[in-house]
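Asks: Structure incoming, see below.
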Amino acid sequence: MIEGDEKRWYFLRRDGRDRSIAYMAEDGIITRIDVFNPRGTKARVRTSAGIGVGSSRADLETAYGDRLKLEAHPIAPGVQWVVIERIDAGGIRVVLQDGAVSALFAARGPALGYPEDCS
């Protein structure tokens, strides 16, 4: 576990595998799965359009075209983010930093808009 309280948890797998994936749970239900590149790892997860951690802004623009509406990240100056795929009450959000995707996460409900872990 990285952090948590009785209602919200943010954790990595206990078996130490896939260290590039973290899980957010609220009231015992996983509401978000984050993909990033911690030291010494490389995330292999990709969206249906082939976007993953390390993809460039140009890759995003090619994959999503006019649907790409980057916004300023609410708590990280110089960082942008965008929901690139929306499915019902959930979707996939991409974080863009220094011209490349630094993280992406799949979430549902309010967790899709949390700018940090378990807001």
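Asks: Quick check, is Leu112 surrounded by 17 or more Cβ atoms within 10 Å (Cβ to Cβ), hydrophobic (A, V, I, L, M, F, W, C) and in a helix (DSSP H, G or I)?
Replies: Yes; evaluated as a whole, the condition is true for this residue.
Asks: Determine, yes or no, whether Ile51 is at pLDDT 90 or above and out of contact with any Asp or Glu (no Cβ under 9 Å at 6 or more places or on another chain).
Replies: No, not satisfied.
Asks: Taking strands (runs of 3 or more DSSP E) that do not extend beyond the stretch 4-61, which have at least 2 residues that are among the aromatic types (Phe, Trp, Tyr)?
Replies: 8-12
Asks: So is Ala58 farther than 18 Å from Ala106 by Cα and within 15 Å of the chain's Cα centre (by Cα) or not?
Replies: So Ala58 does not fit the description; no.
Asks: Sticking with this structure for a sec: Could you say which residue among Ile92, Ile75 is surrounded by fewer than 17 Cβ atoms within 10 Å (Cβ to Cβ), aliphatic (A, V, I, L, M) and not in a helix (DSSP H, G or I)?
Replies: Details: Ile92 fails: surrounded by fewer than 17 Cβ atoms within 10 Å (Cβ to Cβ).
Exactly one of Ile92, Ile75 is surrounded by fewer than 17 Cβ atoms within 10 Å (Cβ to Cβ), aliphatic (A, V, I, L, M) and not in a helix (DSSP H, G or I), namely Ile75.
Asks: Test of understanding: among Ala58, Ala76, Ala43, Ala103, which residue is under 18 Å from Arg19 (Cα atoms) and modelled with pLDDT of 90 or more? Walk me through how you get there before you give the answer.
Replies: On the way: Ala58 fails: under 18 Å from Arg19 (Cα atoms); Ala76 fails: under 18 Å from Arg19 (Cα atoms); Ala43 fails: modelled with pLDDT of 90 or more.
Result: Ala103 is the single residue among Ala58, Ala76, Ala43, Ala103 that is under 18 Å from Arg19 (Cα atoms) and modelled with pLDDT of 90 or more.
Asks: How many residues, within the stretch 55-110, are hydroxyl-bearing (Ser, Thr, Tyr), free of Cβ contacts under 8 Å to residues at least 24 places away in the same chain and under 22 Å from Lys42 (Cβ atoms)?
Replies: 1
The values are calculated or read from the model by the stated rules, or taken from the named source; none is laboratory data. Keep in mind the model is a prediction, meaning the values are calculated, not measured. Neighbour counts are summed over all protein chains in view; Cβ atoms, including those assigned to glycine, are modelled from backbone coordinates with ideal geometry.
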